[in-house]
Amino acid sequence: MNHIPRLWVVLPLLVLAACTFAPEEEYFKPVDRPDPVVSIELNDYLGADTIFVYGRSRLGYSIDRDKGILRNVQILIDDDVIYSGEMVNGAFDIDHYLLRTGIFELKIQILVSSGTGSLADKENAENYLVWKKWILKIDVEPPPAPSLRFSVVNGFLRVDWDAYTKQNFVRYVLHRRAWGQDRYVARIAPGENFWVDSVYTGTQGDVQYELYVENTVTSSHVEKIYTGPAFTLQAKLNNLDSTVALKWNSTAFYGAFKKYDIRAEGSDVLGSTLNVKDTTLTVKVKTLVFGAPANIAFSVDSKYEDISQQWFRPVASAVVELGNKTYKGFSQVRYNSVLGRLAYSDGAYLYTFDNTLKPVDSLQFASFINIPFQGGLGYYEATSQIGTVDLKTGAIHTIPKSGDTYLSGFGGGLVKTSSRKWIVDKTYFNATLYDVATQTSIFSITNINTWYPTIHLSSDGKFIYTSQGEVRSVASGTTQLIGNPNFSGTFLGFREDKPDEMMLQNAGTIMVYSANDLSLLRVLPFPEVNYYSAEAYDPVTHNILLFSSQSRKVYTLNVDDGKTKSFNAYAPNPNQWSLQNGILFSENGQYLKIF
């Protein structure tokens with residue numbers, strides 16, 4: 001029970017009278033001390049002795065008394081006046097500048113006239129002071145930062161956190177971000193301290209959840225990223241029909257699952273499965289071509305609203321390439337008729353392979369070896385020499401070279417070197433044909449202030465074709481002019497398998513000439529003319545490769561009978577491709593048996 005203290009104030013009155021003073025007589029009647037009936041209440045806390053405040057608050061009060069005039073009302077917190085007025089029913093604010101966490105004294109005190117009707121009362125000199133006190137507890141601390149926990153419940157991702165239990169709780173607000181976008185904002189009802197993500201299937205990878213806990217004053221928040229189980233996609237290509245057998249791991253979020261969506265690069269839909277446990281599928285990649293890897297990916301779509309229904313969001317991918325893989329640079333593999341195998345030099349060893357490209361033998365040699373089709377000699381270049389190496393024994397023959405000389409051709413035990421010299425104001429560009437075994441020069445051409453002259457050498461070393469338009473025979477350490485044919489077109493070279501035949505490209509044809517008498521032997525038309533050019537020749541199958549920068553279709557053209565064959569391939573740098581022993585090699589180390 002709250003007791004209302006009262007302070008009675010008596011103001012002495014001086015009474016002057018023109019009469020005779022008689023002390024034994026009584027001239028006034030004593031005034032009894034008033035005992036007013038006063039009630040002071042806070043409207044929302046009737047009968048309470050403790051007031052809880054969690055933020056800016058407005059409190060209403062009411063004052064009732066049996067008599068007297070209300071002179072003044074004051075509201076105090078710890079003796080600091082926060083309100084003053086003269087209304088019997090009013091309200092006061094506990095505003096932001098008063099808000100600090102702690103326990104305080106709240107007091108409402110009033111000044112009321114006595115209501116006795118005395119002269120002192122009438123002169124506002126007879127009043128009493130009444131007050132009432134409460135315990136005031138202010139709590140304006142921010143909510144503690146929540147701790148987020150993740151679990152999978154009934155096939156859905158669930159986010160839990162510790163409940164905020166104070167009376168000033170307002171709400172939880174959860175932001176969900178995926179793919180860099182704020183996709184969902186959920187306002188959680190009071191009493192619920194969890195949220196079920198009905199759209200998450202694992203497609204988003206890392207998803208960020210940001211939870212705000214709000215009370216009447218402020219808020220706190222926490223961010224946490226959920227990283228789902230990693231998906232993997234295995235892909236096995238069948239080179240014969242371009243079908244790909246796919247296998248992946250299933251999602252744990254079966255409650256939100258709608259389908260697995262399989263696509264190729266460019267968003268071409270390859271297939272889908274609707275059963276969450278069905279994680280294998282064989283698809284055909286129509287766009288897959290040799291030389292162009294295809295990227296296959298899959299997403300896990302949600303049955304509810306999700307960005308994956310608007311955009312393809314892969315969770316895993318695999319690259320498939322038509323053909324088989326060796327390693328980059330293997331396009332330099334060559335077939336040698338003496339070895340009867342494919343051979344390759346990496347600058348440290350000479351390797352030989354069978355037709356399945358399994359290593360058969362190796363020869364250690366500390367320089368890159370150029371491998372011809374005919375003969376048992378390879379050709380190499382070192383810092384101070386150019387030479388030949390026996391492909392079986394490793395025996396070498398060399399000729400010296402200067403710093404400006406390099407190997408630019410070979411065949412039949414002969415090498416062609418290119419060099420340049422500066423004399424006064426002129427630059428001399430030389431091409432020279434050497435017999436390595438005898439270390440003698442056989443033939444030479446010099447250009448002044450232009451560029452290196454060209455000498456095409458046949459694989460058996462018996463013919464040359466020069467940039468001067470001459471065809472010459474080579475024998476006994478010298479050359480003999482056969483003629484100046486004035487060819488029309490691009491000289492492709494002597495056939496390695498038939499060195500006495502020369503191949504030229506003229507527009508959309510391959511023209512084959514005899515090196516013996518320069519007669520035209522055959523004219524072989526391209527199957528397609530536009531933008532096609534000859535880039536490689538296989539001396540084993542007698543086929544030329546025809547590429548086009550405008551097409552993903554590649555042709556082979558047999559230089560004996562003109563028969564053609566086509567297949568799909570993509571060759572951004574066709575001059576780095578080769579066809580050897582019926583095997584097509586790309587610049588990236590892929591190979592495919594086409595004959």
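Values as computed for the structure displayed
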read-out: Whether region 311-430 is rounded, prolate or oblate, judged on the alpha carbon gyration tensor where a/c under 1.5 counts as rounded; value: oblate
read-out: Alpha carbon convex hull of region 460-566, volume per residue in cubic angstrom; value: 96
read-out: Net charge contributed by nearby residues that have their C-beta within less than 14 Å of PHE104 (K/R +1, D/E -1); value: -2
read-out: Solvent-accessible area per residue for region 356-488 (1.4 angstrom probe, square angstrom); value: 50
read-out: For region 313-367, with +1 on Lys and Arg beta carbons and -1 on Asp and Glu, the positive-most of ASN324, SER345, LEU357 along the dipole; value: ASN324
read-out: Pair TYR349, THR165: separation of 7 Å Cα→Cβ label points (nm); value: 7.3
read-out: Long-range HN-HN contacts of LEU584 with modeled amide H, under 5 Å; value: LEU592, LYS593, ILE594
read-out: Computed over region 436-518, Cα set: Rg, Dmax in Å; value: 13.2, 43
read-out: Estimated translational D of the chain in µm²/s (Stokes, Kirkwood radius over Cα pairs; 25 °C; 0.890 mPa s); value: 71
read-out: Student exercise, the chain dipole from Lys, Arg, Asp, Glu Cβ charges, in Debye to nearest 20; value: 2620
read-out: GLU41 long-range amide H proximity, modeled H, under 5 Å; value: SER62
read-out: Surface share of carbon and sulfur [accessible, 1.4 angstrom probe, percent] for the chain; value: 49
read-out: Exposure of TRP131 as accessible area (Å², to 10), given a probe of 1.4 Å and all protein chains; value: 70
read-out: Rg followed by Dmax, in Å, when region 102-223 is reduced to its Cα trace; value: 27.0, 90
read-out: Proximal aspartates and glutamates relative to LYS247, as straight alpha-carbon distance under 12 Å, when same-chain residues fewer than 8 apart are discounted; value: ASP278
read-out: Residue-averaged [θ]222 nm for the chain, counting only DSSP H segments that reach four residues, each worth -39500 (n - 2.57); value: 0 deg cm²/dmol
read-out: Rounded Å value of the spacing that divides the Cα centres of region 485-522 and region 536-590; value: 19
read-out: Angstrom value of the Kirkwood radius, inverse mean 1/r, which spans all Cα pairs in region 160-319; value: 17.8
read-out: Options GLY202, LEU288, VAL474, ranked by Cα towards positive dipole end of the chain, top entry (Cβ charges); value: VAL474
read-out: Rg [Å, one decimal], Dmax [Å, integer] - region 208-277, C-alpha atoms; value: 20.0, 71
read-out: In Å, descending, principal axis extents of the Cα set of region 330-384; value: 36, 20, 19
read-out: ³J(HN,Hα) computed for each position of region 113-118 - Karplus, 6.51 cos²θ - 1.76 cosθ + 1.60, integer Hz, glycine/proline x; value: 5, 5, x, 7, x, 5
read-out: Length-normalised contact order for the chain - Cα pairs under 8 Å, 6+ apart - percent; value: 7
read-out: Most to least accessible of ARG149, ARG71 (protein chains only, probe 1.4 Å); value: ARG149, ARG71
read-out: Size of charge dipole - region 445-536 - debye, nearest 20, with Cβ of Lys, Arg +1 and Asp, Glu -1, no other charges; value: 160
read-out: Per residue, the convex hull volume that the Cα atoms of region 395-434 enclose (Å³); value: 68
read-out: Positive-end extreme of charge dipole, region 526-595 - chosen from PHE595, ALA534, SER578 (charges on Cβ); value: PHE595
read-out: Centroid-to-centroid separation of region 131-204 and region 365-391 [C-alpha atoms, Å]; value: 75
read-out: Net charge, HIS542 excluded, C-beta distance under 11 Å - Lys, Arg +1, Asp, Glu -1; value: -3
read-out: Relative contact order computed over region 60-219 (Cα-Cα under 8 Å; 6+ residues apart), in percent; value: 18
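The values are calculated or read from the model by the stated rules, or taken from the named source; none is laboratory data. This structure is a prediction, so every number in the text was calculated from the model and none was measured. For neighbour counting, all protein chains shown are included, and Cβ atoms are generated from backbone atoms with ideal geometry for every residue, glycine included. All accessible areas refer to the heavy atoms of the entire protein, side chains included, with ligands and DNA or RNA removed. Shrake-Rupley method; radii C 1.70, N 1.55, O 1.52, S 1.80 Å.
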